[in-house]
Structures are given as C-alpha cells and as structure tokens.
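Here is the structure we will look at, set down as structure tokens.
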Amino acid sequence: MNIRTTLVIICFLAISFCESQTIIPIETKDFSMVFKTDAQNRLWNVYFGKKLKNQSDYAEVDKQYYFPDANAGISNSAYTPSGTWNLSEPALMVKHHDGNRSTELLFHDVSKEELDGISVTKIKLLDPVYNLKVVLNYKVWHDLNVVEQWAEIVNNEKGKIELGKYASANLFFTNKDFYLTHFQGEYLREMMPTEEKLTQGIKTVESKLGTRAMLLGTPNFIVSFENPAQEDSGLVMVGQLAWSGNFKIEFDIDSNKNLRVIAGINPYESSYGLQKGERFKTPSLIYSISKSGTGLASRQLHSWAKSHRVLNGNGDRLTLLNNWEATYFDFNENKLSELIKNTKNIGLDLFLLDDGWFGNKYPRNNDDAGLGDWQENKKKLPSGLGYLVKEAEKNDVKFGIWIEPEMVNPESELFKNHPDWVIKQPERSIKLYRNQMVLDLTNPDVQDFVFGVVDDIFTKNPKVAFVKWDCNAVIYNAYSSYLEDKGISQTHIYVDYVQGLYRVLERIRKKYPDVPMMLCSGGGGRADYEFLKYFTEFWPSDNTDPIERIFLQWNYSYFFPAITMDCHVTNWGKQPIKYKVDVASMGKLGFDVDVDHLSKEELEFSKRAIKNYNGFKNLVLHGTQYRLASPYQNPFASVMYVNENKSQAVMFSFLSSNRFIERITKRPIKLKGLNSDKKYSVREINLFQEGEGSLVNPVVYSGDFLMNVGINPEISVKRTSVVLLVDEVK
Ligand code: DGJ
C-alpha cells in the first residue's frame, strides 16, 4: 500500500442515532444517497439528493413523506427481496436449498475503505432464516460525482440455491416527476434517443440478443428529475449497466409517483445455480450525478472513464487507414502494399487489414465461408502476414489486423472439426446470422481457442500494433453441449458466455497489456464500461454517413469520451471530403477509402487536415467536451473541446439538416469552458482551399465575450462545416 496516501477502514461506520436505527450515507462531492434501518432491521433507501451539511439531518428525512406501506406495490428497500412482504418488482429472487422461495434481508453491518478520494462502502445483509448473504457495494469517485455499484450474493446454505433474479442495483427516488431518456435503435441506426415522462408502471429497457447485446436496445440511460433533461441545468443521472450480455433495466413508478430503478443481468432464461459456498458478483451499474444538466454529468463520466476505466484512457491513439470499404474481400498482396504506401503518403499512423485475409480450404472471399480458420489465405497473401507487417515497417507506418474470433461459418474447417464448440440446439436446424454462428465460450477449450487466435497472431508477428475485434452474430438456439456434458443448467449459457469472454480478454491483457484494440460489432452492437477495461476504443456504427454520424456521436457522447470513439471517413454520404474529415475529427480519426480514388485537391486537403488533427487531437482525445448546439434542436450542431488549463480549444460546427435555409447560424454560438479573464485568438482551420474561409484571419476576443456573446461560425448551405481553433493570447 502506498504509505503517502491515507487508507481509512471504518467498520460499523454507520451513524447510529439510537439502538434501533442505523443511517448509512453514501456521499459524493455534491450528492448523497442515504439508507436507514427500521425496527426490524430492514434497510430502506430514504434519501437521494443534494448532500446535506449535517449528517444527523438524514434521520429526519423519511418522516417528511407519507407513503403508507399498506399500499402493497411500494418498496424503497435497499435491495428488494421476493416471496415475503414485498409485492413490487424484486431485485432478488432466490430458490433456497430446500426449495423454499421466500427471502428476507436484514442489515448486518457496514464497512468503508477510502483511498485518494475513492471510497468503497460495503453493506452486508443477511436472511434471518436461510444462510444467505448479500453484500451491496458502492464505489464512489468523490470529486467526480460518479458511483459504481454492484451486489455480491453468497450461498452459505446447506446446499445449492438458484438465483432467479440478481440485480446489480435497486435505486429509489422520491421526486415528483421523472423523465427517462433511453437509447434504442437497429443496425445503422444505433443509439437513437427517446425521452419520455415516466408514468405509473414499469418501463423496461432490455436485451436478449446474447452477444451483440446493444444492437437494438442499450444499457445507457438518463434520468432527469422534475423536468426533461437539459444540457446545462437540472438534476440528472447519466448511467449505464456495464455488462456485455443480456441486460434488463426497469424504471418502476409506484402509486405514490416514486421511482425505483432495478438494473442488472436480464433474468430471461438465466436462472443461476450457486453451489454451497459459492458467490455471485453482479455486473456494475455506473452513474454520474449532476445538478447542472447532462453536460456536466457527461464530463464527469468522461473524466472517470479516461482516468479510471478505459484501457490506456489517457494515452495516445493511432490514426489509421482501413481497407474494408476500399476493397471488401477483394484484395491481394500488391493491392495491400499499395494501401500501406497510401497510409504513409496521406499521413496516417497505421494500416488496418480488415476481413478476408484468412481461410484456405474454405477461403474467406465472402461472408459465407472461412470464419474460424485463422490461417492466411495462401492465394491472397502468399507471403503471409509477416510480409505485410514488414511492408508497413518499410513505409514507417504500423500494421493492424481484423479478427472475429468468437464466431464461425458452418463452411469452415473449425466447424467441421468441432461442431460441439458451437452454440446450437442438438435436434433443430441451425439458424445463421450473417451466415455465421457463435462459438460456445462457456467451454474452456473454446476460450483457449479464442485466446490462441490472438496469441498466435502476436507470437508470429510481434510487431502487429492494433486489433479490430468484430462480432457479427447474435445467439440463436441458445444451447451448450459443454454445459450439458458437465451437468450444468442451460440457464447458465448467457451469463457464462460473457464471463468466458471476459476470462479470455483478461488472459490477452495479461500477456499483451498495451496493444490497442477496437471493439466492433457489425456496427455499434457493443460498447460498455466492462468491455472498455480491455479495449481502447469502439466502433459506434457501420453508418458512416457524416450527417448520421453527427447524431450518433452526439448520442454516444453522453456516455463515452471522444477518445473511445472510432470515426472514419468513408464513401458514405454525398458531402464533400472536408465535411467528412471534420466530423471524423471529433473522435479518433481514421480513413476507410481508396486513397487512389481521391482527387488531387481532396488528397491535398486530407493531408493538411490529418496534420491539423495531429496538432489539435490532444484537445479532442484528452480535453473536456462541451456540447454547444444540439442537432436535435437546430439545423446545425456544434461541439467543442478545451484543454485542462483552458489555454486552447477547438470548436466544430456543422450544417445537420438538408432543408434549405440560406444562412443557418443567424446568431452566435456561445462557447463554454474557457477562462473569462483570458484573451483568445480564434481562427479557422481545415479549409478546403487554403485562405478561402471567412474566419481565416485570427481575431482576438476575451473568454468573457466568447462565452457570453459567442461567435458565429457562419454555417450556410455553402459553408457546411467549420473548425475553429481557439488559442490563448498572452
Ligand atoms: C462489420 C464491421 O462493422 C465492418 O467495419 C467490417 O469490419 C465488417 N464487419 C467485416 O466483415
């Protein structure tokens, strides 16, 4: 332990006001969530809101509310059990070792550890009849107002128990009105927001897809208290269940208009057996709380993610040229060598070889064969991957590779040799998704295989510098022959799959801690903070039309910092290349075009813009993001990024509507996050023709002016995207 830091371990830290009453506050810088026991020692959630100055006041809060518990659909339990007094939606359902299905949880004790502004509070609850223990964990990043919470369920009974439902979190709020924004979609239209006022009953956001869990619905949400969510005002909670499989988040308004949020693994076909002595740790619910709207909530979450969660979250990122849309499956060594040269020529850091490089008996010339056979295709790549890595080295760029190691085509040697390694019903015909099936990662042999795919690439080619990890299939016909052979219930399949995948990623990171990896899922089917412990970035969507991307990146930005988002310039959309590059420069920039097909002017512009990106990427990747103008409320969008000491910023503004309006930004857009006492020069960069913009000559303004009057980027139908660099003048 670092002796320069203080570690405080307080057991029985709760404030006890009288023998029958224990108060447990979970406090961040600005907020607190408070639990209190009753005369029977049950634990209730009695307060959520602004932190009170005197902790002793928390004892009085619940007395101000009249919510008679004879109204049977009410429960502010800290973790609501089922089968006894509770008639509302439970957080926990247990079938005990003797078959009994009733559970009660009483407070036992609480402990808190604190180190460097991060605290972990553990509240232990016990069933007075059965030897069942539940530990509620609250990890708090005090200054960031970010909380991560999870539960651990321990079976100390005489025999096996079954968990029917095992939520991560059970929150309770007493405000008058609640607005929920959830993010649903479909392929190419991922993360689309809907805001609605919650009314009595349960609104459920869930996934049952198994692998590409986020494709249709996502585990991300914004709860706004009293009013619809605003960017710069109002109490909001921006949260996510960090679980890469089936999830279920229930927003339950009771008859007194209180809100309960129960979030966790989806119990659908997932009753989970715990042997005597075993414990189950649920995934985490992570949330940021803000009294100044979604802008601050996102910034708190971004800071947390970069410093405490995302792999190498404060590190650098490589720009890249991807060959997917330039070649699809149709390439050979010569073509790839050309693309590698183009990577260097245009000024990008890395060449990424996508799908289609493998499979011999069943060559991967289309998406219907070869997946699973991870040997170089001898026709396309007679000299192997090693040759391409060397070509990249010769050209002074790095080399990255695409894999999809969890999946298999039936037309593959892997499937023919190991049909039992695949998730499928033994007696039913197979059902494919993009011509493929999912490998059974509950099976340790399959875990070894998937680890081996990555290990083999790095062992043979230690200089491979980047991996794009794709996942294009959902789990149909959920059945594991491995679980069957081991006598384990099939209802473990969804959970054990995800845990098996985490185990593989853990092994990969142990051996290869630093190599950047992109999480991709046939578009944006995967992105969560459990995955991002192992991945440096993710692919938000196969939809790279830049107008669509403005909306997509805007929506993802509520939850994820720009450094995690891969944004590529492609042939999608009819907008000029400047517009495409400017949009992609709001994240981790990449190109997925045939550079040879760019006109001379487009190539020259791209080279300059990549150089500019390298100059300001520090602001985008490591700075603080401010959403200035929403494309949902305007025919334009504007976002800016400011560095830590407020000496430099970059502001992006775009036309985001196709409707004809001659001059789109009639008014200035107010900047945010600058120092009002500083002076800044503002100048336009990324001009298609050098010297042609209306803001090319730097103009000096005070921070005060820029934040209170603002600046007009002069967006019009002829000037659809504008990048302004803001530099402190001393
Ligand atoms: C889906 C991904 O989203 C694409 O970028 C590409 O890698 C293809 N898969 C390859 O099959």
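The values are calculated or read from the model by the stated rules, or taken from the named source; none is laboratory data. The model shown is predicted, which means the values in this text are computed figures rather than measured ones. Glycine also receives a Cβ, built like all others from the backbone with ideal geometry; neighbour counts cover every protein chain displayed. Please note that ligands, DNA and RNA were not included when accessible areas were found on the heavy atoms of the full protein model with its side chains. Shrake-Rupley method; radii C 1.70, N 1.55, O 1.52, S 1.80 Å.
Structure values in brief
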quantity: Asp440 being surrounded by fewer than 22 Cβ atoms within 10 Å (Cβ to Cβ) and not β-branched (Val, Ile, Thr); calculated: no
quantity: Unmet requirement for Ile475, which otherwise passes all of (1) crowded, with 22+ Cβ neighbours inside 10 Å; (2) within 16 Å of the ligand (Cβ to nearest atom); (3) farther than 28 Å from Leu320 by Cα; calculated: (2)
quantity: Residue ranges of strands (runs of 3 or more DSSP E) in the range 115-229 with at least 1 members closer than 30 Å to Thr544 by Cβ, open to solvent by less than 50 Å² (accessible area, probe 1.4 Å) and not hydrophobic (A, V, I, L, M, F, W, C); calculated: 178-186, 189-197, 217-225
quantity: Residue match in the range 565-576 (condition: of a type in the set (Phe, Trp, Tyr), farther than 25 Å from Ser298 by Cβ and open to solvent by 10 Å² or more (accessible area, probe 1.4 Å)); calculated: yes
quantity: Number of the exception - Tyr328 against (1) surrounded by fewer than 21 Cβ atoms within 10 Å (Cβ to Cβ); (2) in contact with a strand residue (DSSP E or B) (Cβ under 6 Å, 6 or more places away or on another chain); (3) on the phi > 0 side of the Ramachandran plot; calculated: (2)
quantity: Tally of residues being more than 16 Å from the ligand (Cβ to nearest atom) and open to solvent by less than 60 Å² (accessible area, probe 1.4 Å) across the range 591-606; calculated: 7
quantity: Complete set of residues in the range 544-558 that are open to solvent by less than 10 Å² (accessible area, probe 1.4 Å) and more than 10 Å from the ligand (Cβ to nearest atom); calculated: Pro546, Arg549, Ile550, Leu552, Asn555, Tyr556, Ser557
quantity: Wholly enclosed helices (runs of 4 or more DSSP H) of the range 299-407 bearing at least 1 residues modelled with pLDDT of 95 or more and within 13 Å of the ligand (Cβ to nearest atom); calculated: 324-327
quantity: Candidates Phe466, Phe458, Phe399 - the one that is surrounded by fewer than 20 Cβ atoms within 10 Å (Cβ to Cβ) and within 27 Å of the chain's Cα centre (by Cα); calculated: Phe458
quantity: Single residue of Lys431, Lys380, Lys361, Lys394 found to be open to solvent by 10 Å² or more (accessible area, probe 1.4 Å), under 30 Å from Ile610 (Cβ atoms) and touching a residue at least 12 places away in the same chain (Cβ under 8 Å); calculated: Lys380
quantity: Of residues in the range 647-658 being of a type outside the set (A, V, I, L, M, F, W, C) and closer than 10 Å to Val726 by Cα, the one most open to solvent (accessible area, probe 1.4 Å); calculated: Gln648
quantity: First in the range 41-56 and closer than 22 Å to His108 by Cα, second anywhere and open to solvent by less than 40 Å² (accessible area, probe 1.4 Å) and among the charged types (D, E, K, R), Cβ under 7 Å, 6 or more apart; calculated: Trp44/Lys36; Trp44/Asp38; Val46/Lys36
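Residues checked against (1) open to solvent by less than 10 Å² (accessible area, probe 1.4 Å); (2) free of Cβ contacts under 8 Å to residues at least 60 places away in the same chain; (3) away from the ligand (no atom under 16 Å from the Cβ):
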site	(1), (2), (3)
Lys511	no, yes, yes
Gly522	yes, no, no
Asp528	yes, no, yes
Phe538	yes, yes, no
